[in-house]
């Protein structure tokens, strides 16, 4: 539950093992953490399938490798999309939607 608590409070980097996190991979770690939280939902119909997980992980990897990844506009769009994904994990009352 520490992982989910940190994710909900936007402190996910506190739950990451020392030596894994660096300035270059913070965005990817946050994206993977959000995906992991979706995988932890109790209701099976709310969890992504393994195929969806694989596709999202491939997408994260490919986006990181793409040269246009570093522009400010793309960063802002990515932040907006991450916020939307993060918001879908938790309902309005702050409870975990996987419970």
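Each reported figure results from applying straightforward, stated rules to the coordinates on display, with no laboratory input. Just so it is clear, the model here is predicted, and its values are computed rather than measured. Cβ coordinates were reconstructed from backbone atoms using ideal geometry, including for glycine residues, and neighbour counts include every protein chain displayed.
Just rank 14, 56, fewest to most, by other beta-carbon atoms within 10 angstrom.
14, 56
For a quick check: sort 40, 81 by the number of other beta carbons within 10 angstrom, fewest at the front.
81, 40
Tell me, what is the FRET efficiency for residue 45 and residue 14 to the nearest 0.05, using R0 = 30 angstrom and their Cβ-Cβ distance as r?
My answer for the efficiency is 0.45.
Order these by the 10 Å Cβ neighbour count, fewest first: 53, 18.
With the fewest neighbours first, 53, 18 line up as 18, 53.
If only Cα atoms are counted, what is the Rg of region 9-52, and what is its Dmax, in Å?
12.3, 35
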